[in-house]
Amino acid sequence: MKSRWLLLASFLLLPFAPSDSSAKEDGINSVIGEIRAVLSAQQEAWNHGDIDSFMNAYARAETTVFVSGDEVTRGWQTVRDRYFKKYGDRAKMGTLTFSELEIEQLGPDSAVALGRWELKRASDNPHGRFSLIFRHTPDGWRIVHDHTSAAPPS
């Protein structure tokens with residue numbers, strides 16, 4: 001008789017038990033939130049003129065890749081040097097906005113982000129798209145591959 005009650009109670013409580021799919025969804029939402037936070041911090045650092053903090057979003061590795069136009073830049077330090085050369089002062093940096101973010105977790109330690117970037121500067125308004133591959137590292141989610149394109153000037 002006691003086992004019948006336990007069986008009945010477990011059937012009644014089953015709909016309220018956490019499911020694997022809801023736990024998985026919570027994990028995915030957590031990863032997406034963490035990556036959004038990395039991108040938000042990156043945008044904020046840029047808008048404060050802080051390229052070094054902006055670079056914290058990238059994995060500090062020789063394998064980090066940045067692609068723009070027909071150029072491939074490899075290595076965290078080389079990517080940093082490129083940003084300093086191209087955007088060495090506040091006027092060149094302008095104000096950065098990321099928008100239309102789409103983030104998808106590909107596996108337990110990888111994700112891809114697609115989005116739009118825009119710079120507002122006194123003399124122009126460059127903009128374009130980016131695709132970022134993120135890996136979960138000991139430092140958190142970091143960009144390991146950045147493919148950024150600029151739209152033709154309008």
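Among the listed residues PRO152, PRO138, PRO108, which satisfies the condition of being at pLDDT below 95 and out of contact with any strand residue (DSSP E or B) (no Cβ under 7 Å at 6 or more places or on another chain)? Among PRO152, PRO138, PRO108, only PRO152 is at pLDDT below 95 and out of contact with any strand residue (DSSP E or B) (no Cβ under 7 Å at 6 or more places or on another chain). Considering the stretch 123-135, and only residues there that are out of contact with any Leu (no Cβ under 8 Å at 6 or more places or on another chain) and more than 26 Å from GLY75 (Cβ to Cβ), the residue that is modelled with the lowest pLDDT turns out to be SER123. From the list LYS120, LYS92, the lone residue that is at pLDDT 95 or above, farther than 23 Å from GLU71 by Cα and more than 10 Å from the chain's Cα centre (by Cα) is LYS120.
Among the residues of the stretch 39-91, those identified as within 15 Å of ASP146 (Cβ to Cβ) and among the basic types (Lys, Arg) are ARG60, ARG74, ARG80, ARG82, LYS86.
The single condition from (1) at pLDDT 95 or above; (2) polar (S, T, N, Q); (3) farther than 21 Å from GLU104 by Cα; (4) open to solvent by 40 Å² or more (accessible area, probe 1.4 Å) that SER3 fails is (1). A single entry from LEU114, LEU101, LEU132 fulfils the requirement of being touching a Ser or Thr at 6+ places or on another chain (Cβ under 6 Å), more than 18 Å from PRO152 (Cα to Cα) and among the aliphatic types (A, V, I, L, M): LEU114. The set of residues in the stretch 25-46 being modelled with pLDDT under 95 and open to solvent by 50 Å² or more (accessible area, probe 1.4 Å) consists of GLU25, ASP26, ILE28, ASN29, SER30.
The values are calculated or read from the model by the stated rules, or taken from the named source; none is laboratory data. Here the structure is a predicted model, which means the values were calculated and not measured. When we count neighbours, we look across all protein chains shown, and the Cβ atoms used for this are built from the backbone with ideal geometry, even at glycine. Please note that ligands, DNA and RNA were not included when accessible areas were found on the heavy atoms of the full protein model with its side chains. Shrake-Rupley method; radii C 1.70, N 1.55, O 1.52, S 1.80 Å.
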